[in-house]
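Report on one structure; see the data block that follows.
Bear in mind these aren't lab numbers, they're just calculated from the coordinates by the rules spelled out. Predicted model, so just to flag it, every value in this text is computed and none were measured. Note that each Cβ is placed from the backbone with ideal geometry, even for glycine, and that neighbours are counted across all protein chains shown.
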């Protein structure tokens, strides 16, 4: 109290900061926004028991293929593109931990994957479409400006480039 007046702390004048809800990307939210789907599969620990309920990630290009928007060649091209993106980033196909090539530089698998991606990107065409393809296939995100015919056409050109 100063000169007969109550003085409020500066923090109380502004009010308490708004507490943001925690970022929750759990099963309910992923099921609601369509990035996960429920299914049934055999229990590996008890294969003789009835199938158990399981959730799996919903892959955009796979869902389009199931609904008939993409043909088999386009789906196979998307699978190969995803595999090459993973290999180029350094993911190992050999799960025993053996690295191919020297430890200081790029591996032979990464080099081959990058060359294959360069061919596919050249077949796709414009830079915006290449970025959109990497979002759809690599990050499983649908960009706002991408139309299904563009995706289908780009996958068709990739399949032709890879002679599928």
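At a Förster radius of 30 Å, what calculated FRET efficiency corresponds to the Cβ-Cβ distance of residue 106 and residue 35, to the nearest 0.05?
FRET efficiency, residue 106 to residue 35: 0.40.
Subtract the Cα-Cα distance of residue 142 and residue 114 from 0.36 nm times their separation in residues, and report this length gain in nm to one decimal.
7.7 nm is the gain from fully extending residue 142 to residue 114.
Once fully extended, how much extra length lies between residue 45 and residue 28, figured as 0.36 nm per residue of separation less the alpha-carbon to alpha-carbon distance?
Working: separation 17, 0.36 × 17 = 6.12 nm, distance 2.58 nm.
Here the segment from residue 45 to residue 28 would lengthen by 3.5 nm.
So how do 43-54, 147-158, 106-117, 27-38 stack up, highest first, on mean other-Cβ count within 10 Å?
Top of the packing list down: 147-158, 106-117, 27-38, 43-54.
Rounded if a/c is under 1.5, else prolate if a/b is larger than b/c, else oblate: which is the range 60-161, with a ≥ b ≥ c the root eigenvalues of its Cα gyration tensor?
Details: a/c = 2.24, a/b = 1.88, b/c = 1.19.
Cα axes put the range 60-161 in the prolate bin.
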